[in-house]
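The values are calculated or read from the model by the stated rules, or taken from the named source; none is laboratory data. Just so you know, these numbers come straight off a predicted model, no measurement behind them. Note that we place each Cβ from the backbone using ideal geometry, even for glycine, and neighbour counts take in every protein chain shown. To get the accessible areas, we keep the full protein, side chains included, count just its heavy atoms, and leave off ligands, DNA and RNA. Shrake-Rupley method; radii C 1.70, N 1.55, O 1.52, S 1.80 Å.
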Amino acid sequence: MTTMTDHVAEAPSGSFKLSMLLNDTRYRSLTFQFIALVAIIAFMAFVGGNLVRNLAEAGLNISYAFLGEPAGYDINQRPIEYDSQSSHGRAALVGLINTLIVAFLACITATIFGVIAGVLRLSNNWIVSKLMSFYVEIFRNVPVLIWILIIFSVMINAMPAPRDFRGDDATSSMLFDLFAFTNRGVFAPAPQFTNSFAATAESGPTSTGLDWLLVVGALVLSFFVARAIGSWATAKQEATGDRPTTWYLTLAAWLLPVVLVCMFLGLTWNVPALKGFNFQGGMQVRGSLIALWFALAIYTGAFIAENVRAGILAISKGQTEAAAALGIRPGRIMSLVILPQALRVIIPPLISQYLNITKNSSLAIAVGYMDVTGTLGGITLLQTGRAIETILLLMLFYLTISLLISFFMNIFNNRMKLKER
């Protein structure tokens, strides 16, 4: 006896006809996708052709030769070597690195703030719960630009000036004789290498990109070694039921490669000292970077807190009750039972928050922090008049960063999904 499901499962017989592209469900979606793709390509070709034609009529052309010309302007926060005679391309690279620095720091800090606030919002302590609710409602309902300006203003007016550290009657002092917190930023010791690939008798201790590449390589090696140790411990546990103690091996895996590389390069520290009207030497983290960093962190952390709270509430209370019945402490229940399962709900919206941090970092120009928008999309654009070229480069940069963040976070999200057996 032939059933209806047999007829549905059977492929239609006969030769292929053009009408099947619209009438046959096997081909209809592909047909519409192809039509949409052709329409998009045609639209982009029309816009691009119209742009080139209008530029030609105006006597203009698209050229990126300006990237090799001297920039002629200074950048206050320089993670790599740069001066006013460097090229516009070099200035754009400095701004790009500055953007990545503040975005990375803000993502890490916002995650910490968000997780803590999200967990404490569900606390049984009424005061703690209401304080976290107050934090979330206040910070997420005020534009992030306002918080950037508030924190920057507080730093300028509340922190001591460098002159307050001078003399016997100084009103401020360095922390551990290493760190100085001033209204111009934070001055901290800077690492240098006496055996650097660029070090000479005349230049003294210095650092190059190759030196730091070796340090990063050591960290990458530590990561894979620590991961191998964890895999070995998991295999041992599955085979015997007992998990071996591996914390000291993991600690050694993280520390030894980096320590050996630093010893090989001759790591030293350049400590800042007050000379003249400002601190000299060391590393300066400007107030504009700190203001932008913490404003993005506390603002986005409020949104992440709500994501964390929603993820925790999505977990059945039976999980908590079962863990408590086994005698597990409440703190361990949250870290070992609830949060690992809640991550499956938290990670997808967390990706959007990381993307928002990266894009909101373009507000750095409000406090004078020279990110890629301030350099390439600001001064370079005004000096060269190459609006189309600079805007296209900015779009490419932000698009690339956003896609990379989404790519790696989606990989992590897939690893956290439940695996059906």
Per 10 Å bin, what percent of the C-alpha pairs of segment 265-421 does each bin hold, from zero upward?
9, 22, 24, 22, 15, 7, 1
Under 23 Å, Cα to Cα: Lys pairs in the chain, sequence gap 8 or more or different chains
4
Using the alpha-carbon centroid of each, what span in Å lies between segment 291-311 and segment 100-145?
5 Å
Could you work out the relative contact order of the chain, using alpha carbon pairs under 8 angstrom and six or more residues apart, expressed as a whole percent?
21 percent
So which helices of the chain fit the span-like rule, where a helix is a whole DSSP H run, its Cα atoms reach 18 Å or more along the axis, and its mean Kyte-Doolittle is at least -1.0?
25-57, 88-120, 126-140, 144-158, 209-240, 247-265, 287-313, 339-360, 387-416
Please compute the contact order of segment 106-190 in relative form: average sequence separation of alpha-carbon pairs under 8 Å and at least six residues apart, divided by the residue count, as a percent.
16 percent
Of all the accessible heavy-atom surface of segment 89-147, with the other protein chains kept in place and a 1.4 Å probe, what percent is carbon and sulfur?
77 percent
Given a 1.4 Å probe, how much area per residue of segment 59-109 is accessible, in Å²?
50 Å²
So, for segment 216-310, what is the accessible surface per residue at a probe of 1.4 Å, expressed in square angstrom?
56 Å²
Please give the peptides 100-111, 386-397 ranked by average Cβ packing (other Cβ atoms within 10 Å per residue), highest first, as a rough proxy for protection.
100-111, 386-397
What is the packing order of peptides 272-280, 338-346, taking the mean over residues of other C-beta atoms within 10 Å and listing the highest first?
338-346, 272-280
Correct option for Cα Rg over 2.2 N^0.38 Å [calculated from the coordinates] among (1) 1.05; (2) 2.59; (3) 1.29:
(3)
